[in-house]
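Let me begin by presenting the structure, written as structure tokens, before commenting on it.
The values are calculated or read from the model by the stated rules, or taken from the named source; none is laboratory data. From a predicted model like this one, the values you see are computed outputs, not experimental measurements. Every residue, glycine among them, receives a Cβ derived from its backbone with ideal geometry; neighbour counts consider all protein chains shown. Surface accessibility is based on the protein's heavy atoms, side chains included, excluding ligands, DNA and RNA. Shrake-Rupley method; radii C 1.70, N 1.55, O 1.52, S 1.80 Å.
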Amino acid sequence: MTHAVKHHPGIPLLEQYVEGTLEADVALAVAAHIDLCPHCQQLCQDLAVEQGTQLQLMKPVDTQDSEPDWQTMIDSITAEPPLANPPRQHKGPITVQFKDKTFQVPRALARLVEQQTKWTQLGSIANNKLPAGDKRHVSLLYIDKDTAIPQHTHRGLEITLILSGAIVDEQGQYGVGDILINTPDDTHTPRTLPDQDCLCLSVLSAPLKFNKGITRLLNPLQHFFY
Amino acid sequence: MLLNSQSIQGHYGSSTLKSDAVKPMNEESTTHTRTGQWEDALSYVAVNQDKAAYAELFAYFAPRLKAFGMKMFGNEQQALEMVQDTMLNVWRKARLFDPTRGCASTWIFTIARNVRFDMLRKKQSRKDDISADDLWYDGNYPEQEDSGSHQWDTLLMAEKVAPHFERLPEAQRQVMTKVYLEEKSHQEVSDELAIPLGTVKSRIRLALDRLREALDDTRS
Ligand SMILES: [Zn+2]
């Protein structure tokens, strides 16, 4: 995709994603964004390098009394054969269908959209819940052109990742790869363009915990000047 | 410790393991690792299933992974389960490691993170179908062009960058100070701090990103 992504997850979100401590459903939206965003690919690579360095510099835990039996562990591991042919999943583009339309979706959603159930349509909006989580708060949303997007009311975050088309609100326009993060008290009213429909990934998360407050998270790098 | 990483000499080019001999022995020397040592060891495991090279890697990383696991799980049993699963993946998937794309420590960290993530999913026994494979691409994205640091010189000279510079995470500020104020090369900084060269470059990029974000915020 050649579209220049403008709206990114904030650094604290990316840090937790790389650490593996972010809620799975939120992490899924972040992962899908990263598939579409070369800038965040580099950022996450750098954050992983930092985590790896922390691991390398870590002081081993001092347990004089009960040292694990490392040698037994080594022996059992090296008795295993190496992976014969590393699986390299290189399928074609991953797509979803809605009526007569076909949309391409990011790699992170590949397995989930394979198991997708069915679309439920209500007026000009159709919803396809992905099998991720009991609460089923991860879904694909198809929104017809010139339509206002309904706001959910709940205590967590509402994350929207644009997969096709665009949406606009009072703040500006969001295109493919852009991520919108709304808090319960956000009042803006996103809608699709007059002449273009839109497919997005929608995640309604449980409330997240952040040490440094939520402002950095909700202030993603929106004004990149590169 | 049954194993001591200093005492095991692999079958593979043992001369490569002695590079620290010229450095004075001090407390640092136990945590100092030569750049490229673990990358080399991994490629011996990949190509020859070299058990001595693997034992070296294991002796260094297993206790550290255990410490990491204790921090994440808070109990020894799960920490050790994570170590075993991670080190098994290191053994079996060594061929997937590409030294031209990054450090061994980064690769091992990502394996441990994925193992831990999937362990937690199972423990919570939710029907969540999201797995580590969905979240973290097990391959390489297309290489980015290096944006080159020269374009940052004007950014860094801006007066209003100073307060943000002070607020950088310590590890990043330290590297930035050495590179931009003391004008040291990336390799010199890597040697001085005993961290991989890739880590120096990553910390610079992360710091520049933070500074750019901070300046952007003040603009709007
Ligand atoms: Zn991004």
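Table for the structure above
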quantity	calculated
The one condition in (1) open to solvent by 10 Å² or more (accessible area, probe 1.4 Å); (2) at pLDDT 95 or above; (3) within 15 Å of the ligand (Cβ to nearest atom) that A:H39 fails to fulfil	(2)
Contacts under 7 angstrom Cβ, first residue in segment A:32-53 being at the interface with another protein chain (Cβ under 7 Å from one of its Cβ atoms), partner within 13 Å of the ligand (Cβ to nearest atom) and of a type in the set (D, E), 6 or more apart	A:L43/B:D209
Hits in segment A:1-21 (condition: touching a residue at least 40 places away in the same chain (Cβ under 8 Å) and either not β-branched (V, I, T) or not in a loop (DSSP other than H, G, I, E, B) (or both))	A:M1, A:H3, A:K6, A:H7, A:H8, A:P9, A:G10, A:I11, A:P12, A:L13
Filtered residues of segment A:23-35 (kept if open to solvent by 10 Å² or more (accessible area, probe 1.4 Å) and at pLDDT below 95)	A:E23, A:D25
Filter result (in contact (Cβ under 8 Å) with a residue 24 or more places away in the chain, away from the ligand (no atom under 16 Å from the Cβ) and part of a loop (DSSP other than H, G, I, E, B)) within segment A:172-186	A:T183, A:P184, A:D186
Complete set of residues in segment A:168-226 that are at pLDDT 50 or above, surrounded by 14 or more Cβ atoms within 10 Å (Cβ to Cβ) and among the charged types (D, E, K, R)	A:D169, A:D178, A:D186, A:R191, A:D197
Subset tally (residues that are open to solvent by less than 40 Å² (accessible area, probe 1.4 Å), assigned to a helix (DSSP H, G or I) and either more than 7 Å from chain B (Cβ to nearest Cβ) or of a type in the set (V, I, T) (or both)) for segment A:54-83	3
Close pairs from segment B:158-174: first closer than 13 Å to B:L206 by Cα, partner charged (D, E, K, R) and open to solvent by less than 70 Å² (accessible area, probe 1.4 Å), Cβ under 7 Å, at least 6 apart	B:F165/B:R173; B:L168/B:R210; B:A171/B:R203; B:Q172/B:R203
Only one of B:A62, B:A46, B:A53, B:A21 that is open to solvent by less than 60 Å² (accessible area, probe 1.4 Å), on the phi < 0 side of the Ramachandran plot, at pLDDT below 95 and assigned by TED's automatic domain parsing to the domain that holds B:R121	B:A46
